[in-house]
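Just so you know, all these numbers are worked out from the coordinates, no wet-lab data involved. The shown structure was predicted, so the numbers you read here are calculated from the model rather than taken from an experiment. When we count neighbours, we look across all protein chains shown, and the Cβ atoms used for this are built from the backbone with ideal geometry, even at glycine.
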């Protein structure tokens, strides 16, 4: 019956109707993991800035798949909390500087900002060492800065200047430093690369892991699943970490993904969903994930539930596919920086004045380095620069001809 | 529709680096200007002047010009025209396909709300979500899905958001779409049918490594697929409609800098332009200049300069279909002129220029007065700050013409 009706010409004239009725947007899947950034309870806070004390995260920060969820209790020190706050504030300030330089038309082309998602880069960085590796997609400025690059190098790269990470030849998406294998512009391409980096760590018996980050949009790329399979097959110590900000470019995740529980997408790989707006939850989960991977249990699939305040990139106002209210609501109630700030104040870790001092430090650091980046010269406009870094130095062709004989470039 | 905006080809505005570059090449000094700073004064330039597309004779500036194109069917010749830019003409072409072919479907990343470059704008409202729909970010999946659809009798019009993102889908195109007919022994029901893969390509001045590439050269080794690159609105509409009815998989690359830059009077009716056929844009007896896409306008300026400064008459050919390209038109022209310069912005190695150069020397060897010359992008990735250095400009093409004349 079904086969016959499919062959009927009338149905062919209205192709795929039934399929697309079925694929109409489903209600947003319930998010039991909240994006509340401000709750957690704490016992007595010691006066010594370096003395650890215990924080208990709320019930809704983790959700596990085929896995025992990590403890909701973690040890932090006052100075760590201060540093996390400083890092998130600096990233926000840097992204806002990029935003403004873009609007002044000083930065051109493609530029993806991570405002709203700062807790993920910060939490991960505070849970791993410089010997661990991180690889991510194009929303990479914060990661590059925290992994060891500078605000100046990041902004100079965006501006296309000589002091940029790739001498201005890359721009946004092309950021690297030790332990950070780059922003990547091709959606999903970094995920199998991250598995390869982690495989090298395993091969060398290093007690390290690689965080391979990708977005909810990239989670649908075929190569992500190929990487899952290889990683599980060989127990590669890689952490597949999906930053679910609810929108893959302009398409809501539930319109693009058949299963929006990204932490379950590894199927045969255990998963962990984390409140990505709570920097302490991210830190605790990332530390757990590293421990899990390094102990030889193989890969883990994580999902950080987060939200991006801006559009997908600078050319996207970010308001055609979601309501302004939604953005305003997330910004005003779930902001990761405000959430940590509130806790720092409540717990008496820092006073209002001390926090203002941290704000000021972050502002001064970023503003100073942005000025320096703007003062950086444009790259030398010669073939030396243009043809540099294509092949191993010394193995290039002997010379490359320019427009005229005088322009011929000899390696 | 958004009213077409008159504007200069921004190749010219992004050429702000050029005078300083020319100087830097000699003096090795660095320029204080950034790649995105306002254009430098043009007073001292002789060749690399801003290119005004609204003055180009390769675009129909009046309805009479548009309707007198010899390739148009008679029914269209008596119709009206509408002033459209490239993305609007593509939108027009796509809606014609959707109107005339009930089995045609458009899908891709963010196409529902018009796509990054607005090419599919309003199509969802007009044709519904059964025929215009978003896909996940999954190029290989999109391509395979499209091949399956077109193989079962639909006209699949997938959009790859940028030509740079094509590579995950390359296997599907190469090993499935291009060979399906061949490996089924020509069986009627096993081929990729009407499949047009649209994608924006080319430099914009600041797209960089992943948004400004011109990957057409990769297709030279892919037999069974045709690659079309239109130079303007009239061409885009006619070639797109023809592509959707061609029965072979067609890669349709749209030079993204022309989306808003190239504006002309476009016939409102339905018309097709021939796939696989080059167009002689201007006649000349001394040099054959072969190009396609954005650079035909730079070639126009170079040909003009060659006429003024060297007294040389250049024949300019727009390949339109770059693979398999129209050998007859090119060979006939070179047999007349004896000299050939190929211009494109993709890398020199592995580019269309290699293919044209090799064929021309094989077929016109005794007639050639000078080696076939290629003016192309350099063999580097497309760096953010150096796009205007990579893309051939009027001076480089003029120099190429001069060299083949003086050889």
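From the C-alpha gyration tensor of the protein assembly as shown, pull out the three semi-axes of the equivalent ellipsoid (sqrt of 5λ each), sorted largest to smallest, in whole Å.
Here the semi-axes work out to 49, 33, 23 Å.
Could you pull out which residues in region A:301-333 have an amide N less than 12 Å from a spot 7 Å beyond the Cα of residue B:145, following the Cα-Cβ vector?
Output list for this probe position: empty.
Quick one: length gained pulling residue A:399 to residue A:54 fully straight, 0.36 nm per residue minus the C-alpha distance?
Additional length available on full extension: 117.9 nm.
For chain A, what's the relative contact order in percent, using C-alpha pairs closer than 8 Å and at least 6 residues apart?
After rounding, I find 21 percent.
How many percent of DSSP beta bridges within chain B run antiparallel, rounded to 5?
25
Pop a pseudo-label 7 angstrom from the Cα along the beta-carbon direction at both residue B:52 and residue A:328 and give the gap in nm to one decimal.
The two pseudo-label positions are separated by 4.7 nm.
Between residue A:375 and residue A:234, what is the label-point separation in nm under the 7 Å Cα-to-beta-carbon projection?
Going from the residue A:234 label point to the residue A:375 one covers 4.8 nm.
Which value at 222 nm does the protein assembly as shown reach when only helices count, each DSSP H run of 4 or more adding -39,500 (n - 2.57), with the total divided by all residues and rounded to the nearest 500 deg cm²/dmol?
Rounded to the nearest 500, the figure is -10500 deg cm²/dmol.
Springs between alpha-carbon atoms under 10 Å, Gaussian network over chain A: tell me which of A:63, A:131, A:118 tops the mean-square fluctuations.
In the Gaussian network model the winner is A:131.
Fewest to most neighbouring Cβ within 10 Å: what's the order for A:288, A:240?
A:288, A:240
How many percent of DSSP beta bridges within the protein assembly as shown run antiparallel, rounded to 5?
Within the protein assembly as shown, antiparallel bridges account for around 30 percent of the total.
Give me D for region A:252-411 in µm² s⁻¹, whole number, from Stokes-Einstein with Rh from the Kirkwood sum over alpha-carbon pairs, 20 °C and 1.002 mPa s.
So the translational diffusion coefficient is about 99 µm²/s.
Treating each Cα of chain B as an identical point scatterer and ignoring solvent, apply the Debye formula and state log10 I(q)/I(0) at q = 0.06, 0.10, 0.14 Å⁻¹.
After summing over all Cα pairs, the log10 values are -0.23, -0.65, -1.28.
To the nearest µm²/s, what D does Stokes-Einstein give for region B:63-267 at 4 °C and 1.567 mPa s, using the Kirkwood radius over alpha carbon pairs as Rh?
76
Springs between alpha-carbon pairs under 10 angstrom, Gaussian network model over chain B: which of B:272, B:176, B:308 fluctuates most?
So, out of B:272, B:176, B:308, the one fluctuating most is B:308.
Quote to one decimal, in nm, the extra length available between residue B:362 and residue B:77 on full extension: 0.36 nm per residue of separation minus the C-alpha distance between them.
The residue B:362-residue B:77 span can extend by a further 98.6 nm.
Which one of A:54, A:333, A:323 has the biggest mean-square fluctuation once chain A is modelled by GNM with Cα springs under 10 Å?
A:323
Compute the label zone of residue A:391 within region B:373-389: residues whose backbone N is under 15 Å from the point 7 Å along Cα-to-Cβ.
Once the point is set 7 Å along Cα→Cβ of residue A:391, B:379-381 turn out to lie under 15 Å by backbone N, inside region B:373-389.
Test of understanding: extend the Cα→C-beta vector of residue A:130 to 7 Å, then name every residue of region A:202-226 with backbone N under 20 Å from that spot.
A:206-211
Using Cα-Cα distances under 8 Å and only pairs 6 or more residues apart, what relative contact order does region B:63-267 have, in percent?
Computed value for region B:63-267: 28 percent relative contact order.
How many angstrom lie between the C-alpha centres of region A:127-156 and region B:122-162?
Distance between centres, Cα-based: 36 Å.
What ranking of B:291, A:100, B:178 emerges when the number of other C-beta atoms within 10 Å of each C-beta is taken as an exposure proxy, fewest first?
With the fewest neighbours first, B:291, A:100, B:178 line up as A:100, B:178, B:291.
At q = 0.16, 0.18 Å⁻¹, what log₁₀ I(q)/I(0) does region A:57-205 have when each alpha carbon counts as one equal point scatterer in the Debye sum?
-0.95, -1.12
Just want to confirm a number: the relative contact order over chain B, from Cα pairs under 8 angstrom separated by 6+ residues, in percent.
Value for chain B: 17 percent.
Please report the antiparallel percentage of the DSSP beta bridges confined to region B:277-406, to the nearest 5.
If we restrict to bridges inside region B:277-406, about 20 percent are antiparallel.
Hey, rough spin-label estimate for residue A:295 and residue A:105, points 7 angstrom out along Cα→Cβ, what's it come to in nanometres?
With each label point 7 Å from Cα toward Cβ, the separation is 5.7 nm.
Where does each of B:107, B:386 land when they are ranked from fewest to most other beta-carbon atoms within 10 angstrom?
Exposure proxy ranking, most exposed first: B:107, B:386.
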